Amino acid sequence: MAVKHISQDVFDETINQPGKKVLVDFFATWCNPCKMLAPILDELSETLPENCEIVKIDVDENPEAARKFHVMSIPTLVLFQGGQAVERVVGARPAEEIARLFH
């Protein structure tokens, strides 16, 4: 499953999917570490179980979502389970470290 881009309009329904783990990549198009992270997330998304998903939200276009979850630096990855933030990683990280968030 490819990484999809979402907006504030669907943010809550995306992270509140029952039984699903959703990793949200808070990013910006001008951010070089975000650009480095993008292919890692794309590749990882192809190997995830059905109950896991990766989505991206642009902090410049969706500042309310970034404020709500206190995103101060990008990229910030937040793993949601049942609508609750359960893990957070700031900065570009290797695929293995990101994959461990889902376990």
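Values in this text are rule-based calculations from the coordinates and carry no lab data. Small disclaimer: the values here were computed from a predicted structure and weren't measured. All Cβ positions, even for glycine, are placed from backbone atoms using ideal geometry, and neighbour counts span all protein chains on display.
In table form, for the structure just shown:
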item: In sequence order, calculated HN-Hα J values of the range 53-61 (Karplus, 6.51, -1.76, 1.60; Hz; x Gly/Pro); result: 8, 10, 10, 10, 9, 6, 5, 6, 7
item: Whole-Hz ³J(HN,Hα) from phi, Karplus 6.51 cos²θ - 1.76 cosθ + 1.60, for the range 86-103, glycine and proline x; result: 10, 8, 8, 10, 10, x, 5, 10, x, 4, 4, 5, 5, 4, 4, 4, 7, 9
item: Simple spin-label estimate for F69 and A99 in nanometres, 7 Å along Cα-Cβ; result: 2.2
item: Vicinal HN-Hα couplings computed from phi for the range 73-78 (Karplus, 6.51 cos²θ - 1.76 cosθ + 1.60; Hz; Gly/Pro x); result: 10, 10, x, 10, 9, 10
item: Gyration tensor (alpha-carbon) shape descriptor, the range 1-96, a/c threshold 1.5; result: oblate
item: Sequence-distant residues sharing a close amide H with C52 (under 5 Å, placed H); result: K21
item: Partner aspartates and glutamates for K68 [C-alpha distance under 16 Å; skip if fewer than 8 residues away on the same chain]; result: D9, D12, E13, D25, D58, D60, E87
item: Antiparallel DSSP beta bridges within the chain, as percent of all bridges there, nearest 5; result: 55
